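Comments concern the structure below.
The values are calculated or read from the model by the stated rules, or taken from the named source; none is laboratory data. Computed from a prediction, not measured in an experiment: that's the story for all the values here. Counting neighbours? That spans all protein chains shown, and the Cβs are built from the backbone with ideal geometry, glycine included. Quick note on the areas: whole protein, heavy atoms, side chains included, nothing else; ligands and nucleic acids left out. Shrake-Rupley method; radii C 1.70, N 1.55, O 1.52, S 1.80 Å.
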Amino acid sequence: MALQATVETRRLPSSQALSRIGRAVRSNRKATAGTVLIALFILVALFPGVIAHDSPTLDAYPPHLGLTSAHLLGTTAYGQDMWAQLVWGTRNVLTIAFVVGLATTAIAVLVGIAAAYLGGLWDGSLSVITDVLLVIPLFPLLIVIAGYAHGGGTLVLIVVITATSWSYTARQLRAQALTLRSRDFLEAARVRGERKLYIIVVEVIPTMTSLIVASFLTNALYAVLFASSLQFIGLGDPNTVSWGTMLYWAQNNAALQTGQPMWALAPGACIAALGAAFALLNYAFDEIGNPALRPVRRRPVKQRSVQQGKRHA
């Protein structure tokens, strides 16, 4: 009976983890600001044709145009509309961010939690693989791999970044899962005769929801930065419409020196804004998952005086 009560009291908050996170996001200003920013970028990525009517690759306009009502950011040195490139490039950036974020986090969850719970040879083997990737400098490794796949498109960037970026998250999740291995609700699941896969998926992972979500946000943020950096230095497909390729062509044409600052500043500002959105959500989930990081809110003077009067009474 005691084991059954432990299981029931443990499963209830696990099943309500997402709803608790939703309420926590709505009550946290950082999370709200980050959610609004990401929602705006998602809307732009879903409906780019509604916001920018011109084709991002059409070079039918006079080059080096300034800011006008027809071309909100002007035109490039090749006669392409910068506003259309900026808007349509949002889809490529978000695709990389979300796909890499999900794939990297999924690999890290499987490797980190499985290593911690299974222990023994599994833990040793998976930890060695994780440690090898951790000691290799990540961005130089990305440059080397992307250099061999020179001119690769979005799929190549996704595969390269995913294959090299999961190790740090796996190490974090392993450390957290080790603290849960001897908890009562896991012992109850073992007594019931549940399989190890069932215990990992149904019992362990839901208790780490906030950490997993924070890890996804971190991985998505780094995916945006890594992909844009690789495209900027010419290791992506230069014909892809993306913020990173906009920076690549702006650098090749010396945009800042030839009176076309928006060619470089606009995509740079969008990368910074999207990165700030993921960072704000990540900070918010850190505060949600760790009460010690939450800001201390002072109660009004009236409320404090009333409570002090009650204590004296």
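Computed over segment 104-248, the P(r) tail beyond 24 angstrom holds 41 percent of alpha carbon pairs. Expressed in Å, the radius of gyration and Dmax of the Cα atoms of segment 63-185 are 21.1, 69.
Taking the 1.4 Å solvent-accessible surface of segment 123-239 as the whole, the part contributed by carbon and sulfur is 66%.
Database remark: amide H of ALA77 closer than 5 angstrom to the amide H of HIS64 (H placed geometrically; neighbours at sequence offset of 5 or more, or on other chains; Pro and chain starts carry no H).
When each of the peptides 208-218, 232-242, 30-40, 179-189 is scored by the mean number of other C-beta atoms lying within 10 Å of its residues, the order from highest to lowest reads 208-218, 232-242, 30-40, 179-189.
Here the Karplus relation 6.51 cos²θ - 1.76 cosθ + 1.60, evaluated at θ = phi - 60°, turns the backbone of segment 84-99 into coupling constants of 5, 5, 5, 5, 5, x, 4, 5, 5, 5, 5, 4, 5, 4, 6, 5 Hz, with x for every Gly and Pro. Computed from label points 7 Å out along Cα-Cβ, the spacing between LEU118 and LYS196 is 0.6 nm.
Look at the alpha carbon pairs under 8 Å that are at least 6 residues apart: their mean separation over the length of segment 30-78 gives a relative contact order of 22 percent.
Derived scalar couplings between HN and Hα for segment 255-267 equal 4, 5, 8, 10, x, 10, x, 5, 4, 9, 6, 5, x Hz in order, rounded to whole Hz, by the Karplus curve 6.51 cos²θ - 1.76 cosθ + 1.60 (θ = phi - 60°), x for Gly and Pro.
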